[in-house]
Amino acid sequence: MNFILRRLLSGGTAKHSARAPCLLYSSVAPDMRERTLIAVKPDGVQRRLVGEIIKRFEQRGFKLVGIKMLQGSEGILAEHYHDLRRKPFYPALIRYMTSGPVVAMVWEGHNVVRSSRFMVGETDSSLAKPGTVRGDFSVHISRNVIHASDSVEVAEREISLWFHSAELMNWETSDHSDLYQV
């Protein structure tokens with residue numbers, strides 16, 4: 001929490017001082033603690049793309065608050081993909097997602113859900129733009145390397161499926177105040 005916000009919350013007034021010259025007009029972004037689920041799918045793990053994907057999210061300024069490698073269970077995947085259960089490709093999707101390890105991650109930051117969707121690119125790799133994860137690495141819609149939550153509400157549900165709250169870290173980065181002053 002920055003100086004101005006602390007002063008205002010404690011009942012004080014915000015004033016310009018030599019100690020904090022740039023804080024007169026700054027405030028902390030209200031949704032800076034937004035979280036999203038990003039999962040590297042079995043094809044991304046097999047192709048050793050996990051490090052590259054982590055690098056892209058770190059370079060964007062997002063904070064990793066949870067990560068684990070696991071074999072997705074049919075139970076978790078059935079819940080995760082419950083909206084697709086009536087689609088003809090659903091059985092193949094579940095087989096594919098249980099075919100190898102998945103790296104599930106929770107990332108935190110300002111507007112992380114929407115930004116992540118742009119970084120990941122279109123689901124159909126033939127439509128994904130170069131520079132996006134899928135545009136650079138995906139070979140087919142059924143092997144599109146990565147999953148990203150598509151809304152804040154979905155992210156909350158998906159995070160609770162893949163992680164227990166004790167597996168998520170609350171920590172501050174050294175550049176936090178530089179990144180989130182607006």
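Worth pointing out:
- Of all accessible heavy-atom area on region 41-154, the percent that carbon and sulfur account for (1.4 Å): 53
- With a 1.4 Å probe rolled over the protein heavy atoms of all chains, the accessible area of Ser160, Ser151 falls in the order Ser160, Ser151, largest first.
- Computed 3J(HN,Hα) for region 35-40, one whole-Hz value per residue from the Karplus formula 6.51 cos²θ - 1.76 cosθ + 1.60 where θ = phi - 60°, is 10, 9, 9, 10, 10, 7, glycine and proline marked x.
- With the charge dipole of region 27-182 set up from +1 on Lys and Arg Cβ and -1 on Asp and Glu Cβ about the Cα centre, the Cα lying farthest toward the positive end among the listed residues Ser151, Val133, Leu93 is that of Leu93.
- Lys, Arg +1 and Asp, Glu -1 on Cβ, resulting dipole of region 69-182 about Cα centre, debye, nearest 20: 660
- Heavy-atom accessible area order for His110, His164, His80, largest first, 1.4 Å probe: His164, His110, His80
- Solvent exposure ordering (accessible area, 1.4 Å, most first) of Arg35, Arg114: Arg114, Arg35
- Amide H contacts of Asn111 (H built 1.01 Å from N, under 5 Å, at least 5 apart or other chain): Glu34
- Stretch gain in nm, segment Glu52-Leu93, where the contour uses 0.36 nm per residue and the Cα spacing is subtracted: 12.4 nm
The values are calculated or read from the model by the stated rules, or taken from the named source; none is laboratory data. Quantities reported herein were computed from a predicted structural model and do not represent experimental measurements. In this analysis, Cβ positions are derived from the backbone assuming ideal geometry, glycine residues included, and neighbour counts consider all displayed protein chains. Heads up: the accessible areas ignore ligands, DNA and RNA and are worked out on the full protein's heavy atoms, side chains in. Shrake-Rupley method; radii C 1.70, N 1.55, O 1.52, S 1.80 Å.
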